[in-house]
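What follows is a single structure, written as structure tokens, with notes after it.
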Amino acid sequence: MELTVASHVGFCFGVRRAVAEAEKLLDAGKTVRTLGPVIHNPQIVESLAARGARVVSSPEEVEPGATALIRAHGVGRAVIEALEARGVEVADATCPFVKRIHALADEAAASGMRVLVVGAKDHPEVRGILGWARGRGLAIETEEEAEAAPGGGKALVVAQTTVTPERFERVCAVLKRRGMDLDIRNTICQTTPVRQREAVEIAQKVDVMLVIGGKNSSNTRRLYELCRAICPRTYLAETAREIQNIKISPRDHIGITAGASTPDGTFKEVVARMNDIKNQEQEELQQETVAEPDFAAEYEKTLVQLRPGQTVTGKVVQITEDEVCVNVGYKADGLVKKSDLSTPDVKIDDEIEVEVVKVNDGEGNVLLSQRNIVNRKVWDAIVAAYESGEIVKGVGKESVKGGLIADVMGIRAFIPASLLSLRYVEKIDEFVGQEMDLKIIEIDKSKKRVVASRKAVLQAEEEAKKAEAWEKLAEGEIVKGIVRRLTTFGAFVDIGGVDGLVHVSDLAWKRVGHPSEVVSVGQEIDVKIIKLDKERDRISLSYKATQPKLWDIAGEKYIPGTVVSGKVVRIVPYGAFVELEPGLDGMVHISQCAPTRIEKVEDAVNVGDEIRVKILSVDTEAKRISLSIKEALADDALESVSEDEFAIPEAPEAAEAPEAPEA
């Protein structure tokens with residue numbers, strides 16, 4: 001019996017996180033209620049229930065004071081609001097990948113778009129996503145349902161995280177063909193296709209395929225269906241006990257994989273059980289072998305078995321002008337052409353790794369190659385980087401129609417022009433010879449084609465910077481920012497990697513018609529953080545909160561007895577309101593409008609008149625300033641009179657008396 005065990009098995013990130021959260025709450029002594037089974041595995045659910053984690057189906061079943069655990073599938077907004085309304089503590093263990101879909105659906109629906117979810121309408125994850133679509137969502141499971149979906153308008157298309165890429169692409173193709181205005185987001189969890197792809201590869205080369213996992217898990221059942229389509233002897237088992245009833249021959253090659261809801265312990269127990277069966281069969285086979293040994297057959301057993309594509313290690317035993325002869329433990333030595341060596345510096349007795357090209361070239365020789373191994377390892381590294389989302393280094397080599405060809409580990413990769421930068425690239429030639437970080441976004445294994453994106457790396461870096469910036473922000477803080485953009489409703493300000501909005505009403509203490517009246521693009525200003533909404537990626541700022549209020553400084557700026565200029569902005573029966581500066585008015589009582597008594601205010605002034613007034617009094621608490629036109633006019637009149645006009649004339653000198661005549 002031969003065993004092949006999958007490497008991508010067991011709890012996915014989201015499920016592992018949800019189970020760990022449930023155990024943490026129970027360890028803390030909480031009364032835990034899970035909205036639906038926290039995992040599609042009866043054994044785990046039963047073990048949690050034994051510790052007090054009861055499964056409920058609705059918010060009404062959660063008693064006040066208990067803790068409601070939201071499982072990895074997530075729930076709609078209404079469910080969370082219903083729990084909070086009951087005074088229930090909510091522990092949200094929604095998978096971060098699913099949480100991101102909720103945010104996309106909420107944002108799209110808020111902007112008036114429809115939300116189309118490719119997935120099973122009855123699956124809890126899909127129901128949760130639709131719960132964030134504000135009544136504008138629709139689940140589409142098949143191409144027929146896509147044909148029947150209402151058309152027209154803009155729509156966001158997302159995927160259930162466990163749906164197959166093939167189904168998602170087929171449904172999207174139908175929607176595109178119908179001419180819809182679509183924003184397509186591939187939200188399939190990357191662990192799902194990797195797990196499914198590996199299971200299919202194993203199923204293709206085994207006699208019996210065992211899929212371990214909960215029978216209620218859609219993820220596990222999909223693995224079973226994929227393997228069953230290739231290997232008829234595919235079995236689905238929840239525990240190691242169930243494999244005892246499966247008929248297995250000693251000559252069978254057994255493959256084993258597991259779904260995302262399968263505990264590590266269960267999977268390891270199945271593998272251990274199969275190993276026990278294998279060892280037991282080998283012991284029985286040895287006990288039954290009593291015949292005389294066939295020395296020729298025994299010698300054959302000492303030789304390695306070769307097959308094309310196999311990688312083996314051998315020792316260099318001879319070097320000719322064109323070839324290297326390698327002993328690989330087979331009945332014939334292998335030959336490697338020097339052109340197929342990864343390095344020409346080989347010597348006698350060197351151990352080298354080679355790939356079998358042909359077991360017999362027609363003359364009894366084994367044909368070997370080293371270059372194939374190097375190419376395969378590079379390709380495997382490319383595939384691994386693609387599957388893990390790892391960033392790779394690339395160098396621009398050639399500008400072509402529609403994009404750039406880059407060298408990634410010796411493999412040619414195509415970068416579409418739209419994925420070269422965050423903004424439109426006018427001259428692709430500028431990237432030739434430039435080293436850059438890339439993310440591989442598409443691979444065609446059959447044609448060895450690679451599509452990469454520099455934009456995805458730049459976006460991830462921006463998101464990281466944004467996340468770092470968010471951690472440093474706090475409501476109520478005053479921070480420095482740069483005005484980046486003006487709109488009719490406010491100004492967007494960069495406060496260190498993230499943009500916040502200063503609404504037009506928060507730009508100044510006065511009424512503002514347009515933000516350009518107060519600030520300009522590129523200006524550095526101080527702003528106060530009013531509100532942080534991380535889930536919606538929104539920051540509300542205030543510029544006026546950093547500026548003194550007009551009435552706070554009015555007493556210092558407008559001193560009683562001084563004369564200032566102003567504009568008449570409003571007239572009432574008892575006086576006129578004069579704007580001293582935008583947002584600050586004073587009042588001239590009718591008795592102070594003219595030097596003489598008048599019947600109505602309009603006899604002295606009209607709206608729009610620019611006038612001079614004298615400050616009589618300032619009451620900052622009552623927000624009142626009393627003004628006088630009459631006294632300002634009097635002051636002006638006094639200033640227009642020269643000092644000579646105010647001088648008191650001197651008395652004329654007395655005339656000298658005539659002298660008396662002499663007697």
Practice task
Specify the inter-centroid distance of region 1-38 and region 99-155, based on alpha-carbon positions, in whole Å.
Solution key: 28
Problem - Rel. contact order, % - alpha carbon contacts under 8 angstrom, at least six apart, the chain - result: 7
Fill in the blank from the handout: Highest mean packing first, using Cβ neighbours within 10 angstrom, the peptides 61-73, 520-532 sort as 61-73, 520-532
Fill in the blank from the handout: Between the residues Ser218, Val527, Ser58, the Cα farthest towards the positive end of the dipole of the chain, that dipole coming from +1 and -1 charges on the beta-carbon of Lys, Arg, Asp and Glu, is from Ser218
Handout entry: Phi-based couplings in Hz for region 229-240 (Karplus 6.51, -1.76, 1.60; Gly and Pro marked x)
Key = 5, 9, 10, x, 8, 9, 10, 10, 9, 8, 9, 5
Completion exercise
Once Lys and Arg are counted +1 and Asp and Glu -1 for all other residues with Cβ under 11 Å from that of Gly433, the total becomes -4
Fill in the blank from the handout: Checking region 575-611 for GluC sites (Glu not before Pro) in a loop per DSSP with at most 14 other beta-carbon atoms within 10 Å yields Glu599
Problem - Estimated dipole of region 473-546 in Debye, rounded to 20 [Cβ of Lys and Arg +1, of Asp and Glu -1, Cα centre] - result: 220
Handout entry: Sequence-distant residues sharing a close amide H with Ala120 (under 5 Å, placed H)
Key = none
Practice task
Answer with a single label: of [x] 240; [y] 364; [z] 191, which was calculated as volume of the Cα convex hull per residue in Å³ from the structure in view?
Solution key: [y]
Practice task
May I ask what percent, to the nearest 5, of DSSP beta bridges between residues of the chain are antiparallel?
Solution key: 65
Practice task
Over 31 Å between C-alpha atoms is what I'm after, so list which of Lys24/Lys99; Lys154/Lys447; Lys466/Lys544; Lys472/Lys549; Lys30/Lys528; Lys465/Lys531 land there.
Solution key: Lys154/Lys447; Lys30/Lys528
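Rule-based calculations on the coordinates, nothing more; no lab input. These numbers come from a predicted model, not from an experiment. Note that we place each Cβ from the backbone using ideal geometry, even for glycine, and neighbour counts take in every protein chain shown.
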